[in-house]
Amino acid sequence: MQVKHIVLGTLTVACLACAAILLSQVGQAQDAKLAAAMQLLESGANKLGPPKIEGTDSVAGKEVPAIYFGQTKMNNNFQLVDEVVSQAQGTATIFVKHGDEYIRVATNVKKDDGSRAIGTILDPKGKAIESIRKGEPFYGEVDILGKPYITGYKPILDSSRKVIGIYYVGYLK
């Protein structure tokens with residue numbers, strides 16, 4: 001009977017160790033996937049030119065700052081975010097800073113009705129915003145429009161190193 005308990009205990013410990021190893025590998029794979037998608041988004045933006053705010057534009061009926069990469073306005077322009085998703089799957093967004101809020105101006109994150117979630121704001125009480133306000137990237141799980149995503153957020157800085165927006169990539173959990 002005691003041998004049976006020892007064997008079961010040993011098997012339990014071995015199973016837990018294997019599960020921990022597998023979960024860490026899954027986590028590392030997700031981290032690598034997020035990093036690759038973020039690199040695609042940033043490099044695509046950098047090819048267009050330096051980020052800047054110039055004037056305003058209407059996005060989903062809201063007047064917000066117009067964010068550009070070089071001469072390419074990103075507001076209501078889905079080419080870059082869709083290109084990232086065609087190569088890396090998941091979702092991608094460009095946010096623009098508007099006062100204390102960050103507004104989705106180019107995204108393929110979908111609302112429940114299937115439309116693009118442009119004009120919606122980054123959760124002002126969410127996990128990502130704390131890092132962004134410090135000028136730091138955030139990687140982790142967040143709720144986006146009621147659904148769990150594994151995400152990466154990175155500040156978009158203008159030539160004076162001021163945060164003017166956010167790069168986002170993520171995968172539905």
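Taking amide H atoms as placed 1.01 Å from N in the peptide plane, list the residues 5 or more away in sequence, or in a different chain, whose amide H sits under 5 Å from that of Ile156.
Excluding prolines and chain starts, which carry no amide H, the hits are Ile164, Gly165, Ile166, Tyr167.
Show me 132-140, 81-89 ranked by packing, highest mean number of other Cβ atoms within 10 Å first.
81-89, 132-140
Fewest first, what order do Lys154, Lys111 take by the number of other Cβ atoms within 10 Å?
Fewest-to-most ranking of Lys154, Lys111: Lys111, Lys154.
Short version: ³J(HN,Hα) in whole Hz for each residue of region 144-155, in order, from phi by Karplus 6.51 cos²θ - 1.76 cosθ + 1.60 (θ = phi - 60°), x for Gly and Pro, what are they?
10, 6, x, 10, x, 10, 8, 9, x, 10, 9, x
Return the equivalent ellipsoid semi-axes of region 43-173 as a descending list in whole Å, where each equals the square root of 5 times an eigenvalue of the C-alpha gyration tensor.
20, 16, 15
Need one number: nm distance between label points at Asp112 and Leu172, each 7 Å from Cα along Cα→Cβ, rounded to one decimal.
Going by the 7 Å Cα→Cβ label model, 1.5 nm.
We did not get these values from a lab; they are worked out from the coordinates using the rules stated. Just so it is clear, the structure is predicted and the values come from calculations on it, not from any experiment. Ideal geometry is used to build each Cβ from the backbone, glycine not excepted, and the neighbour counts take in all protein chains shown.
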